[in-house]
Every structure is written in structure tokens, then in C-alpha cells.
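Enquirer: Dropping a structure here in C-alpha cells format, bear with me for questions.
The values are calculated or read from the model by the stated rules, or taken from the named source; none is laboratory data. Bear in mind the structure is a predicted one, so any value in this text is a computation, not a measurement. Virtual Cβ from ideal backbone geometry, glycine too; neighbours counted across all protein chains shown.
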Amino acid sequence: MKLSTKEKIVKAIEEFNKYRAPEAKARLITLDEKSFKIEFTGSFCLTCGFCDYFDDYRVFLQEVGLETAVDEIEETDEGAVVKFDIVE
């Protein structure tokens, strides 16, 4: 069964949260044809490996067959909102 882009993103979020929560938790904010935004929250924002969590999420995306690149990181009080571009 072939998964849609949204299903791949959600599956990767489920896997990420399974292994990284409660230290870091991901949630889909927006999705369009070429990109999407994920909100990352948790205590990870206080650690030196802040951006490593976004790369970890990209690995989960790769595992479900979706290639992406981090386009933009907006830091927030609770963590970050990260825009991922979908690589064709």
C-alpha cells in the first residue's frame, strides 16, 4: 500500500514521538504540495543538540520514503517550528 505524503509525515511523527517524547514532541502544523511545518516542543530546546532533533525527524521521514530538507527554523519559547521542503 502506497502512503500519501501526509500519511508519511504523520507516520514519521508517530515514530519520532515514540522514541523522543517527552523530551521532544513533534506535531504537524501546515502542509502544502512542496513543504510542511512541524512544531517541536519539549525540554530539548535547553540542550546543546537543539538542531539534532530536526535531523532525527528527517531520518524517520526517509524511513517512510519521503526525502526532505530543512528550509527554515523559527525558535519559539517552547521549542521551534521547522519548515521542511519536500525533495522530489
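Enquirer: Say we look at segment 39-88 and pick out the residues that are assigned to a strand (DSSP E or B) and of a type in the set (S, T, Y); which of these is nearest to Y19 (Cα to Cα)?
Expert: We begin by selecting, within segment 39-88, every residue assigned to a strand (DSSP E or B); these are 39-41, 68-75, 79-86.
Of the ones still in play, those that are also of a type in the set (S, T, Y) are 41, 68.
Working: T41: 14, T68: 20 Å.
Filtering first and then ranking leaves T41.
Enquirer: Which of the residues spanning segment 1-18 are farther than 15 Å from R58 by Cβ, of a type in the set (K, R) and either touching a residue at least 40 places away in the same chain (Cβ under 8 Å) or surrounded by fewer than 11 Cβ atoms within 10 Å (Cβ to Cβ) (or both)?
Expert: Correct list: K2, K18.
Enquirer: Determine, yes or no, whether T47 is crowded, with 18+ Cβ neighbours inside 10 Å, at pLDDT below 95 and either over 11 Å from the mean Cα position of the chain (by Cα) or of a type in the set (S, T, N, Q) (or both).
Expert: So T47 fails the test.
Enquirer: Same structure again: Could you check how many residues of segment 48-73 are in contact (Cβ under 8 Å) with a residue 24 or more places away in the chain and not acidic (D, E)?
Expert: Qualifying residue count for the region: 10.
Enquirer: A further question follows. Tell me the residue from E23, E33 that is in contact with a helix residue (DSSP H, G or I) (Cβ under 7 Å, 6 or more places away or on another chain) and part of a loop (DSSP other than H, G, I, E, B), please.
Expert: E23
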